[in-house]
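All remarks here apply to the structure that follows.
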Amino acid sequence: MPTDSSTATQDKPPAPSDPNHSSAAVAQNGNAAEVLNDEPTAPPVVEATKRFFAGLKASGDKLFLGHTLAARLDEFLNQPHAPPQPVARQLKKLLRGCPEVVIDGDLTYAVLRPSVGTKQIVRLHPSAHDFESVSRGDYLQLKDAQIQGGEEADKPGLVIDFTPYFRDLPLVTDAGEMGSGISILNRHLSAQMYQNPERFRKALVDFLKETHLNSHNILLNEQIRTVEEFAAELATVRSLLDDYDDSTPYEPEVAHEIRAHGFEAGWGANVGRISETLRLLEQVLNSADPARFEELLARLPLVHNVLMVSPHGWFAQEGVLGRPDTGGQVTYVLDQARALEHEINQRIAHSGLDVAAKVIVLTRLIPEADGTTCNVPREKIYGSENAWIVRVPFRDESGEVVPQWISRFQLWPYVESFAEESRQVVVTELMGKPDFIIGHYTDGNLVAHLLADRLGTTHCACVHALEKTKYLLSDAHWGDLEEQYRFSMHFTADLLSYNSADFIVSSSFREIAGTRDEMGMIESYELFSLPGLYRVQSGFNPRLARHNIVPPGASEEFFYPNHDHARRVPQITQSLAERFLQAEPSEGNVGHLENPELPPIFAMARMDKVKNLSGLVEMFGKHEKLREQGNLLLVTSLNSVEASNDPEEIEEVNRTYEFIDQYELDGHIRWCAARLDKTETGEIYRLIADRHGVFAQPAFMETFGLTVIEAMACGCPVIATCFGGPSEIILPGECGDIADPNDQQHFADLLLGVIGNDELWQRYHEEGIRRVASAYTWRRHASRLLSLANVYSYWNHTDVMNRPALDRYIHTLYHTVYRPRTQSMVQ
């Protein structure tokens, strides 16, 4: 059976100069053969596959995608003359997780996933005895031909392949470790330490000497010039510290003494802490233990100032949630900023440095702010000591400020000038460059890339969402969608910004590699094509040791259990009950409730297609028993087409009204237009829990599911989509349940099961609270993120990613693909 070369278990793939394994050759012509396994596929399985493929061809369709393919296979295996069970099991295993099958004449092409995060492309002819391996280049050309026609697809074009530029970065060989990039890197480091200890020691000493704060050394000073001097002085300082009590502060008792031996203030606030850190340092120098090395780097005060970048949407602290392009990411970024500031200050206090953390959230200034603070250039973040929202405007080609809000799909022409103006603003605000830059979503990460490139700073990319996975066939049909969505710029920006980042943070395993049955969000960018523009043979490799899972948390200040009555404000509870759950709707809300005491089925999201709130209304309308036992409560930013100028929102609003009318839901549904602050958001979840209701999250794709953990933290049981992060948050049958929102009957049955079963409701209520408290806190998130920043800053220092070559490649794609596309958009 053919196997893809990406499944190889070597830590370091051969360099492009190797003629037997040339990634560069793949990038040039795309015809490198897939590596074959000597073991052929069993003949009965091949014959069964031929029969199945023949049935697909008979339908007249040429393309079959994942879920459709799986459903067709189930039908085939359950027919009267299905293959015998042993063959059926092997066929199901072979095609499990297959994202697509393409019919081309007598040939059938399939993208197989031998394991999570790997691909192999094969084709099968009716007269063949086994599968034939197909190169990625040939497969993409075939797909393009179905869109463009064979003559156009045969013309030479741009092929994008990032494989050669990550050849020195370790690969994950065990699928279970995908998303644990830091562990893979540290094991790789352990091998380096063992093989060449002197080289490692020199690299570490150089790194410590080059760590500065305001141009001053904070770990090692000029007294130490060589590794030998460092080892000698380390032993001397450790001996000196033995004469002091552990509680002795660094200043003034020991500062002068250890500074004279080359050691500065950043090792600890007192003798006990300094001794612990230096002992750990000595252990690292004398052993090949990756865990100790990570612990050492995590202790060092390498990060004091953080820049976070999130330009799109309406970014403010009040009155914005639910507006177009404005939802969970705003909450995520603000909570992350507060948590990082707190964690950095704690680490600084332990280190002995006399400095305070500063966190900047860089976003767009919108002069026509519609009653929000989005037109305020500088705004302090609530609950912080020194964290700020800093806003910079978009400017048009003549340099004039763009006054109005702009959709995330249409902002690309403004990004470059925004980044350049922001660089000056940030350096002034921080009185120097940031120690760490975090980009959020595609536009934020493209700006973060441009800033990190100019400032020489470690760049962490927080993904949040990738649009290609939200819109079916958006890559193949990008040309038809370009006017509305600008996918050519969006997907190019994804490739540039995420490949340039030093490391990538995802909220869940599924974001990276999906499941055995479906591709992950990041994995979906590994192989695709924009016909007529370029073909991507290696975009994102989910097995690179750049990917790390760091889930966010629910703010404990706002999202706490409904039984914690001492913290609740009865006036807010009463106000929300009157606004949303009384029999007659208040002003601006839709639908009266015949029986307002019924348990509420609650959903709160933007009116985006992917959030699928209209689908929730449809399934509620179809399910008679659910309507009898519960009311549907929707809270969205708007409930009228007059309140929006966004085509997607308008379509969703109209669909929702159509289903309300079709199923005669007046009397059973309340649809409220409201933008709740975080205090109200927490209390509405608790109010739903008080009434033994359930939170429904029916999205077609949810990258993580911040609302899911917020609802659970407040004691509200959750039934959520099986697509994306909620499937990792929720332990099915223990603290909630997950389902395919396309299977409306099953999803609705699960909602009914919760509100109609007191014992089940109570279990989900209690276990949901426990689940969030144990796994999803911002304190845990911030600590992990800063530890990653320290380790990857070290790796950046050692240039393990072959940065100069990678940067040149990214600059080339930026100036030859991305920038011309944005310029043509303006014209």
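The values are calculated or read from the model by the stated rules, or taken from the named source; none is laboratory data. None of these values were measured; they are calculated from a predicted model. We place every Cβ from the backbone using ideal geometry, glycine too, and count neighbours over all the protein chains shown. With ligands, DNA and RNA removed, areas are computed over all heavy atoms of the protein, side chains included. Shrake-Rupley method; radii C 1.70, N 1.55, O 1.52, S 1.80 Å.
Each of the peptides 812-823, 41-52 was scored by the mean count of other Cβ atoms within 10 Å over its residues; in descending order, highest first, they stand as 41-52, 812-823. Apolar share of the accessible surface for the chain: 48 percent from carbon plus sulfur atoms, 1.4 Å probe. Charged neighbours of Ala48, selected by a Cβ distance under 11 Å, balance to +3 (K, R count +1; D, E count -1).
How would you order 481-492, 284-295 from highest to lowest mean count of nearby Cβ atoms within 10 Å? Walk me through the numbers before you get to the answer.
Values: 481-492: 20.1, 284-295: 17.4.
The most tightly packed comes first, giving 481-492, 284-295.
With a ≥ b ≥ c the root eigenvalues of the C-alpha gyration tensor of the range 728-792, is it rounded (a/c under 1.5), prolate (a/b larger than b/c) or oblate? It comes out oblate by the Cα gyration axes. Candidates His216, Leu613, Thr226 compared by Cα position along the dipole of the chain: farthest toward the positive end lies Thr226, with charges placed on Cβ.
As a rough guide to protection, the peptides 629-638, 750-759 ranked by mean Cβ packing within 10 Å, highest first, stand as 629-638, 750-759.
Label-to-label distance for Met431 and Thr68 is 6.1 nm, based on points extended 7 Å past Cα in the beta-carbon direction.
Let me spell out the model: positive unit charges on the Cβ of Lys and Arg, negative unit charges on the Cβ of Asp and Glu, origin at the Cα centre of the range 671-798. What dipole size does that give, in debye rounded to 20? Don't skip to the answer; put the middle values down first.
Details: 10 positive and 16 negative charges, 134 e Å.
Roughly 640 debye for the range 671-798.
Under the classification rounded if a/c is under 1.5, otherwise prolate if a/b is larger than b/c and oblate if not, where does the range 565-691 fall, given a ≥ b ≥ c as square roots of the Cα gyration tensor eigenvalues? Kindly include the intermediate steps, with their values, before the conclusion.
Working: a/c = 1.89, a/b = 1.28, b/c = 1.48.
In terms of gyration-tensor shape, oblate.
Before anything else, pin down the relative contact order of the range 478-633: Cα pairs under 8 Å, at least 6 apart, normalised by residue count, whole percent.
Values: 128 pairs, mean separation 21.7, N = 156.
Across the range 478-633, relative contact order equals 14 percent.
Compute, for the chain, the length of the dipole vector about the Cα centre, with Cβ point charges of +1 (Lys, Arg) and -1 (Asp, Glu) only. Units Debye, rounded to 20. Intermediate values should be presented prior to the final figure.
On the way: 75 positive and 116 negative charges, 233 e Å.
Using only the charged Cβ atoms, the result is roughly 1120 debye.
The residues of the chain present an accessible area of 39 Å² per residue when probed at 1.4 Å with all protein chains retained.
Positive contributions from Lys and Arg (+1) and negative ones from Asp and Glu (-1), summed over other residues with Cβ under 15 Å from the Cβ of Gln336, come out at 0.
Stretching the chain fully between Thr236 and Arg378 yields a gain of 46.3 nm (0.36 nm per residue, less the alpha carbon separation).
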